[in-house]
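Visitor: This structure is in structure tokens; I'll ask about it shortly.
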Amino acid sequence: MASFALAIAFVPTSALAQTPTVSPESVPDVLVRERGTWLPKVAPVEEDYSRNCQGCHGHEGHSVQEVPRLQGRAGWFTHTSAGRAYLVQVPNVLQSSLPDERLAAMLNWLLTQFSGEQLKPGFEPYTAAEVHALRAQRIESVIARRREVVDGLVRAGVIPDAAALAFSLEPGRY
Amino acid sequence: MKRTLTSVAFAAACLAAAPVVLADELKDLPASAKPLGGEQHNLATLSKPYPKRVYVLEPIFPVFVAGKIWVINGEKQDIEAVMSAGYAPNFAIAPDHSQLYVFDTYWSKGFRGTRSDMATFYDPLNLTIGADVDLPKGRFLVVPKKQNAEVTPDGRYLLSYNLAPATTVSVVDTKERKYKGDVEIPGCGLIFPSAGNRFSSVCSDGTLATATFDANIKATITRSSKFFDPDGDPVLEHVGIDKKKGMVYFVSYEGNIFPVDISKEKPAFQPKWSLLTDEDKAESWYPGGWQLIALHRATQKLYVLMHKGPKWTHKQAGEEVWVFDAKTKKRIDRIKLKEHAISITVSQDAEPYLFTQTEKPSLITYNLKDGSEVGEVEFGISPYLLYVDGD
Amino acid sequence: MAKGLQFMDRFFERMSRRTAQQVSRRHFVSGLGAAMVGATFLPVLPVSRKAQAAEDPAAAWAKQVEAQTKDPRACNYWRYCSSDGYLCSCCGGGPATCPPGSVPSPTSWVGSCLNPDDGKTYLIAYRDCCGKDSCPKCACLGSAGEKPAYIPQLNNDIIWCFGASSMIYHCSSAAIVGQI
């Protein structure tokens, strides 16, 4: 129930003060008015995240155990070039219908929004050109590649061990 | 009491050809258990496969936890049997007709508890279960679509799609009756088998991925370039397919056909062509339904469910079936349906029938020689997918 | 089972008369839906709503079914432009409320619908309520902007119960994520 209420009010935690919202009185919907729900006004980059990622990754960058957690984690990947590439080359990012420019903008937003503290110091935002080049190389086995990238982060001393970025690859059989 | 009578009757039937003979073993039974004279119970089996037998997979939406597969005699227009199935099930027929496969999901306490996914092996004539093979990675739970569960053309492997959320295909060896492993197909879905160790899948960026796997289910994936536009004109998930020849005919939201030859390691894409003339477009005809397209292999004719509606009504039931020559790409017939239908298939024999799953629901059969109605069989609540021997 | 059928007969007859559309057991023919699936932005201030309606399928759907913002139990409630399944509203819940004893799924797909009363587009999370078998009331089907399941983020056939206590589908909801 609580998570449901949170999901309705899509308010990024770190930008609480800045996110424009829409008052319940201004929304012609019987339930919005009944419950007095304040809705966020969604910026274009947030809309791109919502349509392409939020359904599984969650409005705050974390969701169920089988879906990789972005909140407090995704930023680690920016510390190595392999990790930086991986964030663009995961199939749902690489194959997204978003053009390079918007994809770059969304990745940059997502990283600062959900994992600003884990970013490489002096993090250089993705550019459209970089995204374009990275999207030309596909990963054949995502499971294998992720393991390599995570091992690389451990070797580089970015994370203490692989467990820091572990998530369940087994489907949740509830 | 009924059960006792039946089991005793079985015993009696087994003992002698003559129906009313009391063997010694029966003498110790209480009088109430002694079979009455007259009919002994026997057990029907399906006749050998024939082209006009239709298997109708029914996910029962109001009671989704259980499904059914109806076996319909398309010649006699009659129900031959009904199979039970689990949650959002799928189905496949062995190419040599030696097995029927049902892909099931169950929970230990009905709608809750420990989940199990399995491929269940059925004898094709007496519909008894020979084995069930666990699918340890689970399987894709979705309103059933044919191409999420397949069997390789040589019958050796079952291929079952999974999204968890990584997209993979589980491989089951039908000879060993064992799960062998999963093939990763990143960002893709659907299974089009093309060889004993190879299948293709459609990807979210408009490309086709082809996976070739070895006995250890270690796979290499190759990708085509973009062959359709996933934004403006995605291909729908049911296809006209010739598994023997390795030809797939995709139909898209805008009524385009994309023929793809998957018979070789590298798929070959033939030019797309439209189902619609300018007049058709002006009248707002669109393909739509669920299993909306069928290919008659011998004559290379494509059958497509069509309705009048704007774009984005791709699940709307069809009011007509249009017939196309896949070689000339011309429409050669239009069949007005008695009842709107969501799914169609055709028998693969020389005098084919068109089977349509209507919204009533019912299965209405048309003779493709003259478009006349052969019959209508009513069953089920929400039947969805149609399979024929020789698919 | 027979009772359920009779109910569905009457229900679909009512819906048919109201919307003059062909209605199926499982699928309510909604018509159209949003074409904007990440490729282009919707205009923030359409010059002419009529002109926009001609181009924007979400608007055309709203027009075709006479979408309304007051009754969440009807298939033409504005949020259901791309909803697939039984409405939680008819089963003791609501578009953003799971019925008692069911479990809201944390995962969903996100589409968008046009609110007919203010002309604005809203992102909608089509989340399923899960954990027990179907609540077979108010079957609706919209296909606004809906894509095949090989693009899972935009598909409504998938049982969106990942993360719930079980993957059994109970009913469909439509929660507003935000205003575009």
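The values are calculated or read from the model by the stated rules, or taken from the named source; none is laboratory data. Bear in mind the structure is a predicted one, so any value in this text is a computation, not a measurement. Note that each Cβ is placed from the backbone with ideal geometry, even for glycine, and that neighbours are counted across all protein chains shown. Surface areas here come from the heavy atoms of the whole protein model, side chains and all, with no ligands, DNA or RNA. Shrake-Rupley method; radii C 1.70, N 1.55, O 1.52, S 1.80 Å.
Visitor: Take B:Ser263 and tell me if it is in contact (Cβ under 8 Å) with a residue 24 or more places away in the chain, open to solvent by 10 Å² or more (accessible area, probe 1.4 Å) and either of a type in the set (Gly, Ala, Ser) or at positive phi (or both).
Guide: So B:Ser263 passes the test.
Visitor: Let me ask another. For the stretch B:299-315, check the following and say yes or no: at least one residue is touching an Asp or Glu at 6+ places or on another chain (Cβ under 9 Å), surrounded by fewer than 22 Cβ atoms within 10 Å (Cβ to Cβ) and among the hydrophobic types (A, V, I, L, M, F, W, C).
Guide: There is no residue in the stretch B:299-315 that is touching an Asp or Glu at 6+ places or on another chain (Cβ under 9 Å), surrounded by fewer than 22 Cβ atoms within 10 Å (Cβ to Cβ) and among the hydrophobic types (A, V, I, L, M, F, W, C).
Visitor: Still on this structure, please answer the following. Looking for something away from chain B (no Cβ under 13 Å), within 22 Å of B:Cys188 (Cα to Cα) and modelled with pLDDT of 95 or more - is there at least one such residue anywhere in the stretch A:114-127?
Guide: Checked the stretch A:114-127: no residue is away from chain B (no Cβ under 13 Å), within 22 Å of B:Cys188 (Cα to Cα) and modelled with pLDDT of 95 or more.
Visitor: Then there's this: Which of (1) among the hydroxyl-bearing types (Ser, Thr, Tyr); (2) out of contact with any Ser or Thr (no Cβ under 9 Å at 6 or more places or on another chain); (3) open to solvent by less than 30 Å² (accessible area, probe 1.4 Å) does B:Ser160 not meet, given it meets every other one?
Guide: It fails just one condition, (2).
Visitor: While we're here: Quick test of your reading of the structure: B:His238 fulfils all but one of (1) within 30 Å of C:Asn156 (Cβ to Cβ); (2) not small (Gly, Ala, Ser); (3) not assigned by TED's automatic domain parsing to the domain that holds B:His296. Name the failing condition by number.
Guide: (3)
Visitor: Quick one: count up the residues across the stretch B:229-256 that are assigned to a loop (DSSP other than H, G, I, E, B) and either among the β-branched types (Val, Ile, Thr) or under 20 Å from B:Arg331 (Cβ atoms) (or both).
Guide: Looking only at that region, the number is 7.
Visitor: Looking at the structure I just gave you, is B:Glu319 out of contact with any helix residue (DSSP H, G or I) (no Cβ under 8 Å at 6 or more places or on another chain), in the same structural domain as B:Leu275 (by TED's automatic domain parsing) and either among the aliphatic types (A, V, I, L, M) or under 30 Å from C:Cys140 (Cβ atoms) (or both)?
Guide: Spelling it out, B:Glu319 is indeed out of contact with any helix residue (DSSP H, G or I) (no Cβ under 8 Å at 6 or more places or on another chain), in the same structural domain as B:Leu275 (by TED's automatic domain parsing) and either among the aliphatic types (A, V, I, L, M) or under 30 Å from C:Cys140 (Cβ atoms) (or both).
Visitor: State which residue is farthest from B:Gly232 (Cα to Cα) when the search covers only the stretch C:124-141 and only residues that are within 11 Å of chain A (Cβ to nearest Cβ) and among the small types (Gly, Ala, Ser).
Guide: C:Gly131
Visitor: Something else now. Could you please find all residues in the stretch B:169-204 being part of a loop (DSSP other than H, G, I, E, B) and buried (at least 21 other Cβ atoms within 10 Å of the Cβ)?
Guide: Passing the criteria: B:Thr174, B:Ile185, B:Pro186, B:Gly187, B:Ser204.
Visitor: If I filter the stretch C:142-151 for residues that are within 11 Å of chain A (Cβ to nearest Cβ), in contact with a Lys or Arg (Cβ under 8 Å, 6 or more places away or on another chain) and open to solvent by less than 10 Å² (accessible area, probe 1.4 Å), do I get at least one hit?
Guide: There is no residue in the stretch C:142-151 that is within 11 Å of chain A (Cβ to nearest Cβ), in contact with a Lys or Arg (Cβ under 8 Å, 6 or more places away or on another chain) and open to solvent by less than 10 Å² (accessible area, probe 1.4 Å).
Visitor: Oh, and also: All but one of (1) acidic (Asp, Glu); (2) open to solvent by 20 Å² or more (accessible area, probe 1.4 Å); (3) without any contact (Cβ under 8 Å) to a residue 60 or more places away in the chain hold for B:Asp78; state the number of the condition that does not hold.
Guide: The one condition B:Asp78 does not meet is (3).
Visitor: Let me ask another. Condition test on B:Pro51, is it over 18 Å from B:Leu127 (Cβ atoms), under 17 Å from the mean Cα position of the chain (by Cα) and surrounded by fewer than 19 Cβ atoms within 10 Å (Cβ to Cβ)?
Guide: Judged against the criteria, B:Pro51 is a match.
Visitor: Next up: Any idea which residue in the stretch C:152-173 is farthest from B:Asp231 (Cα to Cα), counting only those that are in contact (Cβ under 8 Å) with a residue 60 or more places away in the chain and either open to solvent by 10 Å² or more (accessible area, probe 1.4 Å) or more than 10 Å from chain A (Cβ to nearest Cβ) (or both)?
Guide: It comes out as C:Ser165.
Visitor: Next question. Consider C:Val110 carefully, then state whether it is surrounded by 23 or more Cβ atoms within 10 Å (Cβ to Cβ), among the β-branched types (Val, Ile, Thr), facing chain A (nearest Cβ under 10 Å) and in contact (Cβ under 8 Å) with a residue 12 or more places away in the chain.
Guide: yes
Visitor: Still on this structure: For the stretch B:205-219, what are the residues that are crowded, with 19+ Cβ neighbours inside 10 Å and part of a strand (DSSP E or B)?
Guide: B:Leu208, B:Ala209, B:Thr210, B:Ala211, B:Phe213, B:Ala219
Visitor: When the stretch B:324-344 is examined, which residues are found to be in a strand (DSSP E or B) and without any contact (Cβ under 8 Å) to a residue 40 or more places away in the chain?
Guide: B:Asp325, B:Lys330, B:Ile332, B:Asp333, B:Arg334, B:Ile335, B:Lys336, B:Leu337, B:Lys338, B:Glu339, B:His340
Visitor: Further, regarding this structure: Being away from chain B (no Cβ under 14 Å) and open to solvent by 20 Å² or more (accessible area, probe 1.4 Å) is the filter here; which residues of the stretch C:73-97 pass it?
Guide: C:Arg73, C:Gly92, C:Gly93, C:Thr97
Visitor: Test A:Ser63 against the criterion of being within 14 Å of chain B (Cβ to nearest Cβ), touching a Cys at 6+ places or on another chain (Cβ under 8 Å) and free of Cβ contacts under 8 Å to residues at least 40 places away in the same chain, and give yes or no.
Guide: So A:Ser63 passes the test.
Visitor: Ok, one more. Check whether at least one residue in the stretch B:362-371 is open to solvent by 20 Å² or more (accessible area, probe 1.4 Å), assigned to a strand (DSSP E or B) and touching a strand residue (DSSP E or B) at 6+ places or on another chain (Cβ under 9 Å), and report yes or no.
Guide: Checked against the condition, which is being open to solvent by 20 Å² or more (accessible area, probe 1.4 Å), assigned to a strand (DSSP E or B) and touching a strand residue (DSSP E or B) at 6+ places or on another chain (Cβ under 9 Å), the stretch B:362-371 yields at least one hit.
Visitor: If B:Asp117 meets every condition in (1) part of a loop (DSSP other than H, G, I, E, B); (2) crowded, with 22+ Cβ neighbours inside 10 Å apart from one, which number is that one?
Guide: Here B:Asp117 clears every test but (1).
Visitor: Does A:Ala133 fit the bill of being without any contact (Cβ under 8 Å) to a residue 12 or more places away in the chain and in a helix (DSSP H, G or I)?
Guide: Judged against the criteria, A:Ala133 is a match.
Visitor: Scan the stretch B:345-352 and tell me whether some residue there is under 20 Å from B:Leu236 (Cα atoms), in contact with a strand residue (DSSP E or B) (Cβ under 6 Å, 6 or more places away or on another chain) and not in a loop (DSSP other than H, G, I, E, B).
Guide: Yes; the residues of the stretch B:345-352 include at least one that is under 20 Å from B:Leu236 (Cα atoms), in contact with a strand residue (DSSP E or B) (Cβ under 6 Å, 6 or more places away or on another chain) and not in a loop (DSSP other than H, G, I, E, B).
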